[in-house]
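K.L.:
Have a look at the structure that comes next, please.
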């Protein structure tokens, strides 16, 4: 099934059921389909056709959704742009993807103009939201005009649907080419493994220009016939209030958001009894946090792992194993195969740490305009994730570290996730990230950045002593920086390159 056909199918069987909610705006499945058709008709009249790219620069919003589905109806390819990028970075994405049209939300209009000073903007630029600007085409007029595209593009499961650019935390971002079949397979797996149901309501707070919000919430909920509440910008108290107001049943967040929920004063003041399922990914969750969420909210928890190059959901940890296999990212979802290999791509036995490889219907075709990067990442159909992992005898996968984030202390490999998991078991630690610190004898040692829990003020020595009782001595942080927050990309991942620049110089004090 093609992505826009998923929407059309739900509109045919559930025409009046609310699909999208944003502030006071509510669109049914039928309304959404009609809006998408109007966008498609307008783009088609402007010359956009099968295979052409259309770039979208938006915050989370209903208008983004209408444009997303509308572009796909033409057989064109969506390029969702990361709205957190600087104009120079946006200009690179624009030049690399070569879109025939650009649709920009009003709050990013100035960024688009700055981008246009670096790289030429497409001939057709459409403004969405805000007040109309003289001489600029506006999305409201397109939606009011209605209509539907003429003809039906010749598409199949392998037809490109979107170019999703990686976060670009190192080097220039790469555009992963995702097909209709990739996204449809992910939607089916979300229904099967994340237990989505027609009666569910989800809150989308993670960015829609990333695969989790776009594929594992927006499209997956269209697949099951559920309702999506869209939050434009993250705020913990506002998120809790929205979840209560709309009786949200399913949520998908990074672990930090759940940790912040538990300590926010809005939580006891709001009724979240409708919530039944809390999905998380991107980082490990402390067992204590899992227990608190289960006890205070009465929810099932599912740890999920995925990446842009695999559409979204690759593995999922069943709720029954949330504590038994704490730290695991679970088992492969339907159709996906995983293995761990050494530097020569030879499969390793259970328990050994090596690079995680993935093969299945959700692995992308390659990178846009980057044949060499495609060849390096995809060998014989196996996606090289760049993540170090191990697989236990029962088949459960555990992420050890990003290849580039591993710390080598005196010849010993230290996997940052293991150290970070030890740090957050300290009651005074809200969250933590570790990076290498140059050392004159060991080459590298572990340096930790720690955000303290509200009301707590553990000392550097207390944190180090705590870790010494939990992990091997060579893994224990040699030094600790207490910080107000960790730098993150819009997908919630910690920007370790930024932290590495903040590491104190010289050897840490001997303890």
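Read-outs: derived from the displayed coordinates by stated rules, not from any lab. Only a predicted model underlies this, so the values are computations on that prediction, with no experimental measurement involved. Note that each Cβ is placed from the backbone with ideal geometry, even for glycine, and that neighbours are counted across all protein chains shown.
K.L.:
Using only the alpha carbon atoms of segment 408-500, find the Kirkwood hydrodynamic radius as the inverse mean reciprocal pair distance, in angstroms to one decimal. Before the final figure, lay out each step's value.
P.N.:
Working: mean 1/r = 0.0749 Å⁻¹.
13.3 Å is the Kirkwood radius here.
K.L.:
Let me ask another. How many angstrom lie between the Cα centre of segment 24-103 and the Cα centre of segment 316-378?
P.N.:
30
K.L.:
Moving to a separate point now. Per DSSP H run of at least 4 residues, take -39500 (n - 2.57); add these up for the chain, divide by its residues and hand me the 222 nm value, nearest 500 deg cm²/dmol.
P.N.:
On the way: 16 runs with 148 residues, N = 511.
My calculation for the chain gives -8500 deg cm²/dmol from helical runs alone.
K.L.:
Express in % the proportion of alpha carbon pairs of segment 173-327 at distances exceeding 26 Å. Write out the running numbers ahead of the final one.
P.N.:
Working: 2496 of 11935 pairs.
In whole percent, the share of Cα-Cα pairs in segment 173-327 beyond 26 Å is 21.
K.L.:
Evaluate the Debye formula for segment 28-179 with equal point scatterers sitting on the alpha carbons, no solvent, and hand back log10 of I(q)/I(0) at q = 0.10, 0.12, 0.21 Å⁻¹, in q order, two decimals.
P.N.:
With one equal scatterer per Cα and no solvent, log10 I(q)/I(0) is -0.32, -0.46, -1.42.
K.L.:
Starting from the Cα of residue 324, step 7 Å toward the Cβ, then list every residue of segment 176-220 with an amide N under 19 Å from that point.
P.N.:
Those under the cut-off are 193-195.
K.L.:
Taking the highest mean first, how do the peptides 130-136, 309-315 order by number of other beta carbon atoms within 10 angstrom per residue? Please list the in-between numbers first.
P.N.:
Values: 130-136: 9.0, 309-315: 29.0.
Per-residue mean Cβ counts within 10 Å order the peptides as 309-315, 130-136.
K.L.:
If you don't mind, there's one more thing I want to ask. Can you tell me the length gained on complete extension of the stretch residue 291 to residue 158, counting 0.36 nm per residue apart and subtracting the Cα distance?
P.N.:
43.7 nm
K.L.:
How big is the Kirkwood radius of the chain, worked out from every pair of different alpha carbons and given in Å to one decimal?
P.N.:
Details: mean 1/r = 0.0421 Å⁻¹.
When all Cα pairs of the chain are included, the Kirkwood radius is 23.8 Å.
K.L.:
Another question about this same structure. If you average the C-alpha positions of segment 105-128 and of segment 402-462 separately, how far apart do those two centres end up, in angstrom?
P.N.:
Each part reduced to its Cα centre gives a spacing of 41 Å.
K.L.:
So for segment 408-500, averaging the separation of alpha carbon pairs under 8 Å that are six or more residues apart and normalising by length, what relative contact order in percent results?
P.N.:
Details: 157 pairs, mean separation 26.8, N = 93.
It comes to 29 percent, rounded to a whole number.
K.L.:
Cut-off is 10 Å between beta-carbons; in what order do 263, 483 appear when sorted fewest neighbours first? Show your work: numbers first, answer last.
P.N.:
Details: 263 13, 483 16.
Lowest to highest Cβ neighbour count: 263, 483.
K.L.:
Would you order 362, 261, 1, 158 from fewest to most other beta-carbon atoms within 10 Å of each residue's own beta-carbon?
P.N.:
In increasing order of surrounding Cβ atoms, one gets 158, 1, 261, 362.
K.L.:
Now a separate question. Going highest first, how would you order 412-418, 501-507, 465-471 by mean Cβ packing within 10 Å?
P.N.:
Result, highest mean first: 412-418, 465-471, 501-507.
K.L.:
Could I ask something else about it? Round to the nearest 0.05 the FRET efficiency obtained for residue 346 and residue 134 when R0 = 56 Å and r is the Cβ-Cβ distance.
P.N.:
On the way: r = 64 Å, r/R0 = 1.14.
The computed FRET efficiency comes out at 0.30.
K.L.:
Taking other Cβ within 10 Å of each residue's Cβ, how do 340, 104 sort, fewest first? Intermediate results must be reported in sequence, preceding the final value.
P.N.:
On the way: 340 23, 104 26.
Taking fewest neighbouring Cβ atoms as first place, the list is 340, 104.
K.L.:
Hey, another quick one. Assuming 0.36 nm per residue, please report the length gained on full extension of the stretch residue 380 to residue 269 beyond their Cα-Cα distance.
P.N.:
Gain in length upon complete extension: 34.6 nm.
K.L.:
Ranked from highest to lowest mean number of other Cβ atoms within 10 Å per residue, what is the order of the peptides 63-75, 83-95, 116-128?
P.N.:
Working: 63-75: 26.1, 83-95: 18.5, 116-128: 16.8.
Ranking the peptides 63-75, 83-95, 116-128 by packing returns 63-75, 83-95, 116-128.
K.L.:
Okay, moving on. To test your reading of the geometry: what angle, between 0 and 90 degrees and rounded to tens, separates the Cα axis of helix 29-45 from the longest principal axis of the chain?
P.N.:
70
K.L.:
Treat each spin label as a single point 7 Å out from the Cα along the C-beta direction, and report the residue 403 to residue 511 distance in nm.
P.N.:
Between residue 403 and residue 511, the label points sit 3.2 nm apart.
K.L.:
Testing the spin-label approximation: label points 7 Å from Cα along Cα→Cβ at residue 86 and residue 13. State their distance in nm.
P.N.:
The answer from the label model is 4.9 nm.
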